[in-house]
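Q: Below is a structure I'd like to ask you about.
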Amino acid sequence: MFIQTEATPNPDVIKFIPGREVLSGGSLDLRNETEAEKSPLALALFQIDGVSGVYFGHDFLTVRRDPESGLIWAQIKAPILAAIMDFYSSGKPILNEAEAEKDAVVYEGELGQIVAEIKELLDTRVRPAVAQDGGDIEFDRFDEDSGTLWLHMRGACSGCPSSSATLKQGVESLMKHYVPEVKHVESVL
C-alpha cells in the first residue's frame, strides 16, 4: 500500500491519501481520544505521541500535530503512516458503529430555498476547493433576519492561520454574490 502525503496551509496538519475510500459519506472531525473511540483508526492515531486531532474525508484523512508536544513531523510521520497501513491491512470498518444523523433544523418555504442554494454552493464550489488542502466546510445554520451564515471549519481548515481569510474573502464573497440574502459568514467551533 502506498500512502501519499501532502502539506496543507496549516503547518500543524498533514493530509494523508491512502488511495482508497476513507469515509463513504460526509466527514468526521475527531478532536480528542474520547471522540476517537468511534473509529479504530482514529484511536490508533491518537495513541501516537504528538497527535491532537484526526479528520476523515471521503478519500483522505488529516492528522493534526500538537505544537506544544515539542515533536516535529519528522518524528511522528512514520508512526502515523504505519498506523494507517496496519488499519487498512486489518480489514476493519472505519467506524465502530454508524454515526447517528444530527437533528437538523428543517428550513421551509422561501428560507428553505435559500438554505438549499447555500448548501448547493458549498457542495459544488467550496468543499471541493478546501478538500484539496485537507479540510472541509460544513453548513451549520442561517439566520434570515441578520443574513448571517454560520459554517463549521473542519480538518486542516480548523485552526489554520489562513482559514479566516478563506472564510471572509473567499466563501463570504461567493455567497454574497450568488445568494444576496447572505450578508455575513461566521465560523462555528
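Q: Quick one: Kirkwood hydrodynamic radius for segment 1-99, alpha-carbon pairs, angstrom, one decimal? Display every interim value, and only then the final one.
A: Details: mean 1/r = 0.0746 Å⁻¹.
It is 13.4 Å.
Q: Starting from the Cα gyration tensor of segment 8-65, take the square roots of the eigenvalues, sort them a ≥ b ≥ c, and report rounded, prolate or oblate (rounded when a/c is under 1.5, otherwise prolate if a/b is larger than b/c, else oblate). Show your work: numbers first, answer last.
A: On the way: a/c = 1.73, a/b = 1.12, b/c = 1.56.
Judged from the Cα gyration tensor, segment 8-65 comes out oblate (a/c at least 1.5, b/c at or above a/b).
Q: While we're here: Calculate how many DSSP beta bridges within the chain are antiparallel, expressed in % of all such bridges and rounded to the nearest 5.
A: Values: 24 of 29 bridges.
Counting DSSP beta bridges with both partners in the chain, the antiparallel share is about 85 percent.
Q: Where does each of PHE2, PHE56 land when they are ordered by accessible area, with a 1.4 Å probe and the largest first? Walk me through the intermediate numbers first.
A: Numbers: PHE2 155, PHE56 0 Å².
Of PHE2, PHE56, the descending order of accessible area is PHE2, PHE56.
Q: Could you work out the helix-only [θ] at 222 nm for the chain, with each DSSP H run of four or more residues adding -39,500 (n - 2.57) and the total divided by the number of residues, to the nearest 500 deg cm²/dmol?
A: Working: 6 runs with 53 residues, N = 189.
Result for the chain: -8000 deg cm²/dmol, rounded to the nearest 500.
Q: Measuring with a 1.4 Å probe in the full set of protein chains, what accessible area per residue, in whole Å², belongs to segment 1-159?
A: Working: 8370 Å² over 159 residues.
That works out to 53 Å² per residue.
Q: If you don't mind, another one. Between rounded, prolate and oblate, where does segment 1-40 land on the alpha carbon gyration tensor, with a ≥ b ≥ c its root eigenvalues, rounded for a/c under 1.5, else prolate if a/b exceeds b/c? Present the calculation step by step, with values, prior to reporting the outcome.
A: Details: a/c = 1.95, a/b = 1.21, b/c = 1.61.
Verdict is oblate for segment 1-40.
Q: Reported to two decimal places, what Rg/Rh ratio describes the chain when computed on Cα atoms with Rh from the Kirkwood expression?
A: On the way: Rg = 17.5 Å, Rh = 17.5 Å.
Expressed as Rg/Rh, it is 1.00.
Q: Continuing with the same structure: Net charge within 12 Å of SER69 by Cβ-Cβ distance, Lys/Arg positive one each and Asp/Glu negative one each, not counting SER69 itself?
A: Values: positive: ARG64, ARG65; negative: ASP12, ASP49, ASP66, GLU68.
The answer is -2.
Q: When the chain is modelled as a GNM with alpha-carbon springs shorter than 10 Å, which of ALA156, ALA82, ALA129 fluctuates the most?
A: Highest fluctuation of the listed residues: ALA82.
Q: Using alpha carbons only, how many degrees (0 to 90, rounded to 10) separate the axis of helix 73-90 from the longest principal axis of the chain?
A: 90
Q: Summarise the accessible area of segment 50-95 (1.4 Å probe, protein heavy atoms) by the percent that is carbon and sulfur. Don't jump to the answer; show the numbers that get you there.
A: Values: 1200 of 2160 Å².
Reported share for carbon and sulfur atoms: 56 percent.
Q: While we're looking at this one, here's another question. List, in order, the whole-Hz ³J(HN,Hα) value for each residue of segment 14-20 obtained from phi through the Karplus relation with A = 6.51, B = -1.76, C = 1.60 and θ = phi - 60°; use x for Gly and Pro.
A: Ordered by residue, 3J(HN,Hα) equals 10, 9, 10, 10, x, x, 8 Hz.
Q: Related question: Round to the nearest 10 and give me the degree value, 0 to 90, for the angle of helix 109-121's Cα axis relative to the longest principal axis of the chain.
A: Compared with the principal axis, the helix lies near 40 degrees.
The values are calculated or read from the model by the stated rules, or taken from the named source; none is laboratory data. Bear in mind that the values here come from a model prediction, so they are computed numbers and not experimental data. Using ideal geometry, Cβ is built from the backbone for each residue, glycine included, and neighbour counts are taken over all protein chains shown. When the accessible area is computed, the model is the full protein with side chains, heavy atoms only, and any ligands, DNA or RNA have been set aside. Shrake-Rupley method; radii C 1.70, N 1.55, O 1.52, S 1.80 Å.
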